[in-house]
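K.L.:
Supplied in structure tokens, the structure appears directly below.
The values are calculated or read from the model by the stated rules, or taken from the named source; none is laboratory data. Remember, it's a predicted structure, so these values are computed and weren't measured experimentally. Using ideal geometry, Cβ is built from the backbone for each residue, glycine included, and neighbour counts are taken over all protein chains shown. With ligands, DNA and RNA removed, areas are computed over all heavy atoms of the protein, side chains included. Shrake-Rupley method; radii C 1.70, N 1.55, O 1.52, S 1.80 Å.
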Amino acid sequence: MRRAATAGLLAAVAAGCGDNAHPREVRATLASPQPCHVDVFFATRMVAGREATRAEIARVRTRLVANSKVKTFAFVSKKLAFRRMAKTYPEFAQSAPGNPLPASYEIVPRSAGDATALKAELRGARGVEHVSSARSC
């Protein structure tokens, strides 16, 4: 049992859910992200036919930690994404049969040019379904 609990804790930290987060990693909130940001959406069964694995999400996090173009980044769980959508579109959230939204990372780049470079770098990462940036970048 102890070994299983340790393995679960290590998996959570590797996925960006632990308290030992990198200094540039921030906690996602219910509030909207900063005006200039890049969103990295992970694969879902609905679109890609499979869910992104924890290992794939952890590899993207590792890339973000090491990337000098990243000012801050936050992991947005499927649950938080659905809560945000429900806040903006309550009628849609009430009629949805489940949570169709993917987990994602919200990245605040150091500059608008960095946003373009980050999109290109992360687009081909395994487990990533879509990468986009805000119009303000």
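K.L.:
Looking at (1) modelled with pLDDT of 85 or more; (2) in contact with a helix residue (DSSP H, G or I) (Cβ under 6 Å, 6 or more places away or on another chain); (3) assigned to a loop (DSSP other than H, G, I, E, B), which is the one condition that is false for Arg27?
P.N.:
The number of the failed condition is (2).
K.L.:
I'm checking my understanding of the structure. Among residues of the stretch 30-52 that are charged (D, E, K, R) and closer than 20 Å to Ser132 by Cβ, which one is modelled with the highest pLDDT?
P.N.:
Asp39
K.L.:
Right, here's the next one. What strands (runs of 3 or more DSSP E), lying completely within the stretch 44-136, carry at least 2 residues that are open to solvent by 50 Å² or more (accessible area, probe 1.4 Å) and in contact (Cβ under 8 Å) with a residue 60 or more places away in the chain?
P.N.:
The qualifying strands (runs of 3 or more DSSP E) are 128-133.
K.L.:
Filter the stretch 7-24 for residues that are under 14 Å from Ile107 (Cα atoms) and either of a type outside the set (D, E, K, R) or surrounded by 19 or more Cβ atoms within 10 Å (Cβ to Cβ) (or both); which is modelled with the lowest pLDDT?
P.N.:
The residue in question is Gly16.
K.L.:
Could you say whether any residue in the stretch 107-127 is under 16 Å from Ser32 (Cα atoms) and of a type in the set (Ser, Thr, Tyr)?
P.N.:
no
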